[in-house]
């Protein structure tokens, strides 16, 4: 006897109704490719204008990288308005934030190379601007060999995570890379959570117990003051870690994801939901991806038009759309793109 078809259809419809809708691309536009190598973006809305910053140099590594700033009043038409440079220094990965007194702040890595790619040293830099056009000369912060990758302001203080790449050969880092137990205690190779009242002088809040060559880290605060960290790792499994901490942020809980991060960034929307952008490693090459994000969640759902040398997205929420700056070389040259994404 044939089984009735209607119940089976009902089950199929019910199953489909529970499938989570995916983000959708509204538009993608290339906004800059004038430099030989254009990469490592960030994006912010400041005084009713858009600002996109990125490193412009001869190649992915080496050379005197400079931090270019583009401005737009509508997000469609972009013009170069600012340029931060330092003679003999490769200024890398510029990241933007707004200080409590209403200035733009740019955080950069400052690297010194010999012969193009031999790293001699590095130290973080910061610069400030009232209009995105004129910037103060870069000022050194923290210590030699550190890298303060991004800061997030909360209750009048800038919070960021610094790492020291030169310490990767320490016994602790070696053990982590080999998948062996990591010796206890604060070692200088570990991530440092730091805070600052002025963006120039930083105090250590705590060391973060993350093994496996942790480095690029983005921090965001939830409405209740919980601090969330998205951490790239280059040792061990290389999978990204997500951490959460209640004030005063000296105790952390960690979750290892099943994906590698590259240029990790995430945003907390007004409704409390979180979305991330990063590099997605897949067969055939890398992509820049948008992922559903949470304290224990990293679910890539949308691949942006990208490939080759790509990622490092800037994220902003505006007019019910997720605005994403990123770079990619899928069209033959590393260029800067702006995507607008409709989130479910």
Restricted to segment 206-236 and to residues being at pLDDT below 95 and not in a strand (DSSP E or B), the residue surrounded by the most Cβ atoms within 10 Å (Cβ to Cβ) is 210
Residues of segment 149-197 being at pLDDT 75 or above, farther than 21 Å from residue 244 by Cα and surrounded by fewer than 15 Cβ atoms within 10 Å (Cβ to Cβ), in sequence order, are 197
Taking segment 47-80 and keeping residues under 19 Å from the mean Cα position of the chain (by Cα) and outside any loop (DSSP other than H, G, I, E, B) leaves 50, 51, 52, 53, 54, 55, 56, 66, 67, 68, 69, 70
For segment 237-274, the count of residues that are within 27 Å of residue 96 (Cβ to Cβ) and outside any strand (DSSP E or B) equals 13
Residue hits (segment 90-104; surrounded by fewer than 22 Cβ atoms within 10 Å (Cβ to Cβ) and either assigned to a loop (DSSP other than H, G, I, E, B) or in contact (Cβ under 8 Å) with a residue 60 or more places away in the chain (or both)) are 97, 99, 100, 101, 102, 103
Counting only residues that are buried (at least 17 other Cβ atoms within 10 Å of the Cβ), without any contact (Cβ under 8 Å) to a residue 60 or more places away in the chain and more than 14 Å from residue 214 (Cβ to Cβ), segment 137-147 contains a total of 1
Counting only residues in segment 69-89 that are in contact with a strand residue (DSSP E or B) (Cβ under 8 Å, 6 or more places away or on another chain) and closer than 26 Å to residue 145 by Cβ, the one surrounded by the fewest Cβ atoms within 10 Å (Cβ to Cβ) is identified as 88
Taking segment 105-130 and keeping only residues that are out of contact with any strand residue (DSSP E or B) (no Cβ under 8 Å at 6 or more places or on another chain) and in contact (Cβ under 8 Å) with a residue 24 or more places away in the chain, one is left with 116, 117
The one condition residue 59 fails out of (1) within 23 Å of residue 340 (Cβ to Cβ); (2) exposed (fewer than 15 other Cβ atoms within 10 Å of the Cβ); (3) touching a strand residue (DSSP E or B) at 6+ places or on another chain (Cβ under 7 Å) is (1)
Worksheet item: Does residue 317 count as surrounded by fewer than 18 Cβ atoms within 10 Å (Cβ to Cβ) and in a strand (DSSP E or B)?
Response: yes
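The values are calculated or read from the model by the stated rules, or taken from the named source; none is laboratory data. Because the structure is predicted, anything quoted here is derived from the model rather than measured. Cβ atoms come from the backbone with ideal geometry, glycine included; neighbour counts cover every protein chain shown.
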